[in-house]
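Asks: Shown below is the structure under consideration.
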Amino acid sequence: KYTPLPSWAVFKADQVVNVKVGTNHNMPNALIHHRPTNELQAKFSIQYSVARALADGIVRIKDFEEPAVQDEHVRRLLPLITTGPHPDMPEDSPKQFGSEVIVTMARTKAMSAPASTTPATAPVMVIRVNGRRIAPWRSAT
């Protein structure tokens, strides 16, 4: 199970300046749809998953079905999300299955923070808002 974000950490697009997602360098090869328009594309989009998590506080299976993929409050966040390789997550590292999401809010200065040090056996997505860690999400195993 995933832990929902606290209610104060759910965002509207007009509150967000940008979202940077750092992953290992292989992840973008599989998650190829930056602006998904249907169910299948949404399943292969890190941007959609992150936008859904930030907009609703949780991502559920039903969020990858129509008409959820077309929800405007989620789609408005998609252009604000960029992805790229995280310097601390090389493919031969125990951290290669993690990711870090850095959210820059409209009224607060962004701050950097180190990536998760969780072992590869327990992948984690670390959410940071303006440098403050708000949610470690462990994958269900």
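Asks: For the range 39-75, which trypsin sites (Lys or Arg not before Pro) are in a loop by DSSP, counting at most 13 other Cβ atoms within 10 Å? Each step should come with its number before you reach the end.
Replies: Numbers: sites: LYS43, ARG52, ARG60, LYS62, ARG75; in loops: ARG60.
Of the trypsin sites (Lys or Arg not before Pro), the ones in loops of the range 39-75 whose Cβ has at most 13 other Cβ atoms within 10 Å are ARG60.
Asks: Using a 1.4 Å probe on the protein chains only, how many percent of the accessible area of the range 16-110 belongs to carbon and sulfur? All intermediate terms of the calculation are to be shown ahead of the outcome.
Replies: Details: 2820 of 4940 Å².
Carbon and sulfur: 57 percent of the exposed surface of the range 16-110.
Asks: For the range 7-66, report the accessible area per residue in Å² (1.4 Å probe, heavy atoms, rounded to an integer).
Replies: Numbers: 3130 Å² over 60 residues.
So the range 7-66 comes to 52 Å² accessible per residue, rounded to a whole number.
Asks: Go through ASP88, ASP14 and list them by solvent-accessible area, largest first, probe radius 1.4 Å. Could the numbers behind the result be given before it?
Replies: Working: ASP88 70, ASP14 125 Å².
If we order ASP88, ASP14 from most to least accessible, we get ASP14, ASP88.
Asks: For GLU66 paired with VAL17, estimate the spin-label separation in nm (one decimal), with each label point 7 Å from Cα along the Cα-to-Cβ line.
Replies: 3.9
The values are calculated or read from the model by the stated rules, or taken from the named source; none is laboratory data. Keep in mind that this is a model prediction, so the values were computed, not measured. Here Cβ is always computed from backbone atoms with ideal geometry, including for glycine, and neighbour counts include all displayed protein chains. These accessible areas exclude ligands, DNA and RNA; they are computed on the full protein's heavy atoms, side chains included. Shrake-Rupley method; radii C 1.70, N 1.55, O 1.52, S 1.80 Å.
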